[in-house]
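Trainee: Got a structure here, written out as structure tokens. Questions coming.
The values are calculated or read from the model by the stated rules, or taken from the named source; none is laboratory data. Because the structure is a prediction, the values reported are computed rather than measured. A quick note on method: Cβ atoms are made from the backbone with ideal geometry, for glycine too, and the neighbour counts reach across all protein chains shown.
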Amino acid sequence: MNKRISEDDYRLFFNIGRNLLSDDFFYQKKTVMQASDELEKKIAGLKSEYRKKKKAVMVSCICASALTVILLL
């Protein structure tokens, strides 16, 4: 027995499915935003750490070149 779904039932199931999908999209959007914020914080921390290390390497290079100049004179 093949019974077709009535128009009202079809619309009801369609709306339920659409609401589930939209809720899932909102959840995914919120999750992606949280992950993005965490990544931005991590990247900012890595950049500041890199800048500190870069300054230390530059200072050591300047000191080494100054010591080389002093020893050559």
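Trainee: So L71 fits all but one of (1) in a helix (DSSP H, G or I); (2) surrounded by 10 or more Cβ atoms within 10 Å (Cβ to Cβ); what number is the exception?
Mentor: With (1) in a helix (DSSP H, G or I); (2) surrounded by 10 or more Cβ atoms within 10 Å (Cβ to Cβ) applied to L71, the lone miss is (2).
Trainee: Are there any pairs with C-beta distances below 9 angstrom linking a residue in region 36-54 that is assigned to a helix (DSSP H, G or I) to a residue that is exposed (fewer than 10 other Cβ atoms within 10 Å of the Cβ) and among the acidic types (D, E), with the two at least 6 apart or on different chains, and if so which?
Mentor: none
Trainee: Picking from S65, S22, S6, which residue would you name as being loosely packed, with under 10 Cβ neighbours inside 10 Å and either of a type outside the set (F, W, Y) or modelled with pLDDT under 90 (or both)?
Mentor: Going through S65, S22, S6 in turn, the sole match is S6.
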